[in-house]
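First the structure, in the form of structure tokens, and then the observations on it.
The values are calculated or read from the model by the stated rules, or taken from the named source; none is laboratory data. None of the values given here were measured: they were computed from a predicted structure. When we count neighbours, we look across all protein chains shown, and the Cβ atoms used for this are built from the backbone with ideal geometry, even at glycine.
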There are 2 protein chains.
Amino acid sequence: MQHSRRYLTMNSLPDLDSIQEAARRIRPYAHRTPVVTCAGLDDMWNAELYFKCENFQKVGAFKFRGACNAVFSLSAGKASRGVGTHSSGNHAAALALAAQLRGIRSFIVMPKNASEVKVAAVSGYGAEIFFCEPSEDGRERTMAEVLEKTGATFIHPFDNPLVIAGQGTAAVELLEEAPGLDVVLAPVGGGGLLSGTALAVAGLSTDTRVIGAEPEGADDAYRSLQEGRIIPSVNPQTVADGLLTSLGQNTFAIIREHVEQIVTVSEEAIIAGMRHVWERMKIVIEPSAAVPVGALLEGKIDLSGQRVGVILSGGNADLDKLPWISN
Amino acid sequence: MQHSRRYLTMNSLPDLDSIQEAARRIRPYAHRTPVVTCAGLDDMWNAELYFKCENFQKVGAFKFRGACNAVFSLSAGKASRGVGTHSSGNHAAALALAAQLRGIRSFIVMPKNASEVKVAAVSGYGAEIFFCEPSEDGRERTMAEVLEKTGATFIHPFDNPLVIAGQGTAAVELLEEAPGLDVVLAPVGGGGLLSGTALAVAGLSTDTRVIGAEPEGADDAYRSLQEGRIIPSVNPQTVADGLLTSLGQNTFAIIREHVEQIVTVSEEAIIAGMRHVWERMKIVIEPSAAVPVGALLEGKIDLSGQRVGVILSGGNADLDKLPWISN
């Protein structure tokens, strides 16, 4: 029974049930983040905007939801051997904290040129860090060695169905607080957040459209949707450093079915969107979180009179290097 | 009746009743700002911290409360001639917006070297701006001329009893959401926020201590309390540019009676406190709001096991010039 349930959740695409199960599972650990509004921005765009503040989530990003769902879904036996992933960003911190909360080990593979700040953040949550050559090949090899040696379970940053289901819980909460939205916007990198959001919205609010926002300089998801197959991200260039990855098989399948469109956003608009939110809403968001706001600034989406949900994905901005200040 | 009430509220010190009256008066216009907590900071200081987020207040600062109370307390006749003040900062924006909401004119005297950003913010709320020589003398002269010409009512930035009463409403809300605090911290410049806070706390929660936090480089309130008379601020030097002013007669009288102590904070600790809040709480606060946080970082107040309220006074930081980035 335990086995068959795991088989199902691990190897088939998630659905609304798995998102609702995830919501129950992570409730004791994750923050229910606030949904905030801003009269100034509403006036500017003649719309009602509802911002879901995942920058206030644990570890400062929505990634904690998916990591937490994956970690707390493991059987006791599997959990005892720990979890592992490769990431230098929010997923690594999220997985490390989720493991710490379950009282199990976490093994994180990071490129040896990762910034000290990122290494410190992840090891601060008790992770054991393994450095690799900064290449896909080096990363895969080191990850395989670590998993082989430890017996840890690999938790993919976005294509794992439990991770996708966990990310979808943010949209569930958003729809509870702002029902009847016309559209929900989320940024897209690997697609974990966008696919989870799209599944949740499709299941809970059939009239609500879901739109992904992607940097022009990393527009692989946009092109993948156009061409009907995954176009890998090649040498992406964007300030939104959480959105460099290509889509996965699972996230692509879900996005293809449930996302109305993906809009691309210029670097200037991403930076302006980030600054707008800091300045007017007085909250810190990271560049990746500003991509949907940039899409609104560029007029890529007709907002007039609409009720719009925006998922602000995270707040881990580099405070020493703001993109509007030239150093 | 109308006259005698105005006489009382304008010329005697405010009390808990005037604060509660202010709370009712400003309710339709001011935000009830959230009180937020941060588990990371609680762990770091072994305390329970409750942050009252006036950075989310209208115009980005607590100043809106006092200005709003003063503007909506005016008789119809007086209101019809408008309100005026001299300020280049948050009080000017607050007064302009409050006047706009009441549908009356506002006249703001600003030094002719005020930054374009500040001028734009104030005129964006519909104020009529008069530039003066950047000296106390020039400011007073221009202000007197404007009041003479317009018949507008002068609203002092902090020593007006209605302004003090309005500022006290933040502490009323804080105590409603976090009852039984051991101590409440607020920054002190002219003393409007600190005196209003102290009055509210004295009236509502007699066992709660109130402590003011002041920059070392602008420690006139600290010295005034030590010497028992107002020591004017001379050539203050601090990044906390909202706290340059000396105390007024009214704020000093209240602070002397109801504030337990004023602690001074180094520039380094103010900047570190500001960064701490941005980084860990993901909210934007201005340097003046970081002064109480700096006091905590410097260990100026024994926190251990205490329930501590902190009023984060505002969020209007200059995003082009962060104090931890050298340009």
With the checklist (1) at pLDDT 95 or above; (2) on the phi < 0 side of the Ramachandran plot; (3) not hydroxyl-bearing (S, T, Y) in hand, flag the one item A:G60 doesn't pass.
(2)
Anything in region A:296-327 that is within 14 Å of chain B (Cβ to nearest Cβ), small (G, A, S) and loosely packed, with under 15 Cβ neighbours inside 10 Å? List them, or say none.
A:S326
Can you name every residue in region A:202-234 that is among the β-branched types (V, I, T) and either surrounded by fewer than 24 Cβ atoms within 10 Å (Cβ to Cβ) or over 16 Å from A:A253 (Cβ atoms) (or both)?
A:T206, A:T208, A:I211, A:I230, A:I231, A:V234
Limited to region A:189-206, what total is found for residues that are touching a residue at least 24 places away in the same chain (Cβ under 8 Å) and in a loop (DSSP other than H, G, I, E, B)?
4
The lone exception for A:T245 - which of (1) modelled with pLDDT under 95; (2) at positive phi it fails:
(2)
Select from region A:23-52 the residues that are outside any helix (DSSP H, G or I) and over 24 Å from the mean Cα position of the chain (by Cα) and write down the one among them that is farthest from the other protein chains (Cβ to nearest Cβ).
A:A47
Filter result for B:R229 (within 14 Å of another protein chain (Cβ to nearest Cβ), out of contact with any strand residue (DSSP E or B) (no Cβ under 8 Å at 6 or more places or on another chain) and not in a strand (DSSP E or B)):
no
Could you give every pair whose Cβ atoms fall below 9 Å, whose first residue belongs to region B:106-122 and is within 23 Å of B:K149 (Cβ to Cβ), and whose second residue is surrounded by 17 or more Cβ atoms within 10 Å (Cβ to Cβ) and of a type in the set (F, W, Y), counting only separations of at least 6 or pairs across chains?
B:S106/B:Y125; B:F107/B:F130; B:I108/B:F130; B:V109/B:F130; B:M110/B:F130
Quick check, is A:F72 of a type outside the set (D, E) and under 18 Å from A:L193 (Cα atoms)?
no
Look through A:A93, A:A98 and report the one residue that is within 14 Å of chain B (Cβ to nearest Cβ) and farther than 30 Å from A:L297 by Cα.
A:A93
List the pairs whose first member sits in region B:217-240 and is in the same structural domain as B:V291 (by TED's automatic domain parsing) and over 18 Å from B:A295 (Cα atoms), whose second member is aromatic (F, W, Y) and surrounded by fewer than 22 Cβ atoms within 10 Å (Cβ to Cβ), and whose Cβ atoms are under 7 Å apart, counting only residues at least 6 apart or on separate chains?
none
For A:K118, the lone unmet condition from (1) under 25 Å from A:D320 (Cβ atoms); (2) in contact with a Phe, Trp or Tyr (Cβ under 6 Å, 6 or more places away or on another chain) is (2)
Does A:V310 satisfy the condition of being under 25 Å from A:V201 (Cα atoms), part of a helix (DSSP H, G or I), touching a strand residue (DSSP E or B) at 6+ places or on another chain (Cβ under 6 Å) and not hydroxyl-bearing (S, T, Y)?
no
Go through (1) modelled with pLDDT of 95 or more; (2) in the same structural domain as A:V308 (by TED's automatic domain parsing); (3) touching a Lys or Arg at 6+ places or on another chain (Cβ under 7 Å) one by one and return the number of the condition A:G40 breaks.
(1)
Determine whether B:V172 is without any contact (Cβ under 8 Å) to a residue 60 or more places away in the chain, in a helix (DSSP H, G or I) and either closer than 26 Å to B:L95 by Cα or of a type outside the set (D, E, K, R) (or both).
no
Every residue in region A:21-47 that is acidic (D, E) and either crowded, with 23+ Cβ neighbours inside 10 Å or under 23 Å from A:L199 (Cα atoms) (or both), please.
A:E21
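So which residues in region A:268-295 are at the interface with another protein chain (Cβ under 9 Å from one of its Cβ atoms) and not in a helix (DSSP H, G or I)?
A:K282, A:I283, A:V284, A:I285
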Within region A:293-317, track down each residue that is within 22 Å of A:E54 (Cα to Cα) and free of Cβ contacts under 8 Å to residues at least 40 places away in the same chain.
A:V293, A:L297
Single unsatisfied condition, B:I254 versus (1) among the β-branched types (V, I, T); (2) in a helix (DSSP H, G or I); (3) within 27 Å of B:S326 (Cα to Cα):
(3)
Filter region A:193-208 down to the residues that are out of contact with any Ser or Thr (no Cβ under 6 Å at 6 or more places or on another chain) and farther than 17 Å from A:T264 by Cα and list them by number.
A:G196, A:T197, A:A198, A:L199, A:A200, A:A202, A:G203, A:L204, A:S205, A:T206, A:D207, A:T208
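To keep it simple, each residue is scored yes or no on (1) of a type in the set (K, R); (2) farther than 21 Å from A:P34 by Cβ.
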residue	(1), (2)
A:E286	no, no
A:P292	no, no
A:L296	no, no
A:K300	yes, yes
A:L303	no, yes
A:R307	yes, no
A:S313	no, no
A:N316	no, no
A:P323	no, yes
Identify, please: which residue in region B:60-104 is hydroxyl-bearing (S, T, Y) and touching a residue at least 40 places away in the same chain (Cβ under 8 Å) and is, among those, farthest from B:L312 (Cα to Cα)?
B:S75
I'm trying to understand the selection: among the residues of region B:193-220, which are over 22 Å from B:S18 (Cβ atoms) and either small (G, A, S) or in contact with a His (Cβ under 8 Å, 6 or more places away or on another chain) (or both)?
B:A213, B:G217, B:A218
Considering region B:175-188 alone, what residues qualify as being assigned to a loop (DSSP other than H, G, I, E, B), surrounded by fewer than 19 Cβ atoms within 10 Å (Cβ to Cβ) and touching a strand residue (DSSP E or B) at 6+ places or on another chain (Cβ under 6 Å)?
B:D182
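Within region B:53-61, is there a residue that is within 14 Å of another protein chain (Cβ to nearest Cβ), part of a helix (DSSP H, G or I), among the aromatic types (F, W, Y) and farther than 26 Å from B:P111 by Cα?
yes
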